[in-house]
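Encoded as structure tokens, the structure appears first; notes follow it.
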Amino acid sequence: MGSIYLIRHGQASFGADDYDVLSTLGMRQSEALGDHLNQLGLRLHRCLAGDLRRQQDTARLTLAQLPGAPALETDTAFNEFDADAVIRALLPSLLVHEPEALHVLRNAQHNRSEFQRLFALMIQQWHDGEYAHDGLESWNSFVERVSGGLQRVLQQAGQGDNIAIFTSGGTIAALLHLITGITASQAFALNWQIINTSLSVLKFRGSEVTLASFNSQAHVQLLRAPELVTYR
């Protein structure tokens, strides 16, 4: 059987003007993952990432620790859904019941738990399709995009290949939904638990795919560095 290693990007710049930049901690997480995979003796046959900067930089920092790693390929199917677009589309209806939501979102770095609560409400509305916004990528369209990327990987894979995909939490949630049949709500409940640079493994034989492990944190646990365990 072959293996697909789903790797969530390192910590990005939550609350900054540009979220799509790895923090210093995110760089450390990525290097720690690469060192861990090197110690395991993992030989990768193919490496892919979406084109988001946080995904690409996580991949480069990780692969730099792996001698002989293949060149990084880009497939935008593994990009995260556009969270900013979801917020812009669904915030007006949320404000009816949550009048402080705009203040919380504008000061998210200082209101992390409240931001997460409100964001989860909007995500649920998004994946349930309870909105009218023609320009927003729907949950179903997002899942189709991710599914297309997975199918391309499987079609091009050799028997026994080890393939790394550097991606994001929402993309991993979509893959969990596709592979295990759990609902969107259940997939996002798991998504909120995915730490930065965690490792989830899929096993495949031809077009058949199963989930082998989820959200491994061994590379940071072994370092005994709890500050490396982050969720955003």
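Quick notes on this structure:
- On Cα atoms only, tilt of 24-40 relative to the major axis of the chain in degrees: 30
- Order of Met27, Met122 - criterion: other Cβ atoms within 10 Å of each residue's Cβ, fewest first: Met27, Met122
- Between the stretch 151-168 and the stretch 68-120, the alpha-carbon center distance in angstrom: 28
- For the chain, DSSP calls about 50 percent of its internal beta bridges antiparallel.
- Residues with amide H under 5 Å from that of Ser213, placed H, sequence gap 5 or more: Val201
- Here the peptides 172-182, 139-149 are ranked by packing, the mean other Cβ count within 10 Å, and the order with the highest first is 172-182, 139-149.
- Sum of -39500 (n - 2.57) over DSSP H runs of 4+, divided by residues of the chain (222 nm, nearest 500): -14500 deg cm²/dmol
- Structure-derived Cα Rg over 2.2 N^0.38 Å - corresponding label in [x] 0.93; [y] 1.14; [z] 1.01: [z]
- Angle of helix 83-97 to the longest C-alpha principal axis of the chain, folded into 0 to 90 degrees and rounded to 10: 30°.
- Rg and Dmax of the stretch 143-201, both derived from C-alpha coordinates alone, stand at 12.0, 33 Å.
- As a proxy for reagent exposure, Arg43, Arg232 were ordered by neighbouring Cβ count within 10 angstrom, fewest first; the result is Arg43, Arg232.
- With Cα atoms, 0 to 90° folded angle of helix 112-127 axis to the chain main axis: 90
- Here the contact order of the chain, divided by its residue count and restricted to Cα pairs under 8 Å and six or more residues apart, works out to 32 percent.
Here, each number is a calculation from the coordinates, and none is a lab measurement. Nothing here was measured: the structure is a model prediction, and the numbers come from that model. Glycine also receives a Cβ, built like all others from the backbone with ideal geometry; neighbour counts cover every protein chain displayed.
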